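Novice: Below you'll find the structure I mean.
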Amino acid sequence: MADISKQGRDSRIRRHIRIRKKVVGTPDRPRLCVYRSLKHIYAQIIDDSSRKTLVSAGKLPRTEKGKLSQSKLVGARIAELALARGITQVVFDRGGYQYHGRVKALAEAARAAGLKF
């Protein structure tokens, strides 16, 4: 059983490396990077040219049940923090995960809160 999860993780990392060759954050359009674990979801806005994390948000204290609703809250929070820093456009980096479920919920919540990508 451990071999299957390790194989899945390795596949995701290979996909992520392949995606990162194309998706690069600039000072004008930084990269919105998503990391998803079994229990939590995290998002960072990164300027790759200066190698700095500009804004980050993670799973907030439990206010709603369910991972999907938590992802929506994280997406809204990262967009709120980004807009406060003057960041309006980003490049979306799904981190090798499928654009489905929690990753999609985070992205749509960030778009709804005013972030463009």
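Novice: What full-extension length gain, to one decimal in nm, is calculated for residue 14 and residue 98 as 0.36 nm per residue of separation minus the Cα-Cα distance? If you can, show how the numbers build up before the last one.
Specialist: Values: separation 84, 0.36 × 84 = 30.24 nm, distance 1.33 nm.
Value of the extension gain: 28.9 nm.
Novice: In nm, what is the difference between 0.36 nm times the number of residues separating residue 24 and residue 111 and their Cα-Cα distance? All intermediate terms of the calculation are to be shown ahead of the outcome.
Specialist: Numbers: separation 87, 0.36 × 87 = 31.32 nm, distance 1.92 nm.
Net length gain for the segment: 29.4 nm.
Novice: Another question, if that's okay. So which residue, out of 84, 76, 105, gets the largest mean-square fluctuation from a GNM of the chain using Cα contacts under 10 Å as springs?
Specialist: Answer for the Gaussian network model of the chain: 84.
Novice: Also, quick follow-up: Out of the DSSP beta bridges found with both residues in the chain, what percent are antiparallel (nearest 5)?
Specialist: On the way: 11 of 15 bridges.
Here the antiparallel bridges make up roughly 75 percent for the chain.
Novice: Sticking with this structure for a sec: How large is the helix-only mean residue ellipticity at 222 nm for the chain, computed as the sum of -39500 (n - 2.57) over DSSP H runs with n ≥ 4, divided by its residue count, in deg cm²/dmol to the nearest 500?
Specialist: Dividing the helical sum by the residues of the chain leaves -13500 deg cm²/dmol.
Novice: Between 21, 59, 72, find the one with the highest GNM mean-square fluctuation for the chain; connect C-alpha pairs within less than 10 Å.
Specialist: 21
Novice: Something else about it: Which helices of the chain meet both criteria: a Cα extent of 18 Å or more along the helical axis and a mean Kyte-Doolittle score no lower than 0.5, with helices taken as whole DSSP H segments? Walk me through the numbers before you get to the answer.
Specialist: Working: long enough: 2-20 (27 Å, -1.41); 67-84 (26 Å, 0.54).
Membrane-span-like by this rule: 67-84.
Novice: Considering the chain as a Gaussian network with a 10 Å cut-off on Cα pairs, which listed residue, 101, 58, 25, attains the greatest mean-square fluctuation?
Specialist: For the chain, modelled as a Gaussian network with Cα springs under 10 Å, the answer is 101.
Novice: Using Cα-only point scatterers and the Debye equation, what is log10 of I(q)/I(0) for the range 2-112 at each q in 0.13, 0.16, 0.20 Å⁻¹, rounded to two decimals?
Specialist: -0.48, -0.72, -1.06
Novice: Here's another thing I want to ask about it. Loop-only check: which chymotrypsin sites (Phe, Trp or Tyr not before Pro) in the range 11-106 are DSSP coil with at most 14 other Cβ within 10 angstrom? Intermediate results must be reported in sequence, preceding the final value.
Specialist: On the way: sites: 35, 42, 92, 97, 99; in loops: 97, 99.
For chymotrypsin sites (Phe, Trp or Tyr not before Pro) across the range 11-106 that sit outside H, G, I, E and B with at most 14 neighbouring Cβ atoms in 10 Å, the list reads 99.
Novice: Going through the range 30-117, which GluC sites (Glu not before Pro) have at most 12 other Cβ atoms within 10 Å and a DSSP loop state?
Specialist: Numbers: sites: 64, 80, 108; in loops: 64.
Passing sites in the range 30-117 are 64.
Throughout, read-outs are computed from the coordinates displayed, never taken from laboratory work. Since this is a predicted model, take the numbers as computed values, not measurements. Heads up, the Cβs are rebuilt from the backbone with ideal geometry, glycines too, and the neighbour counts pull from every protein chain shown.
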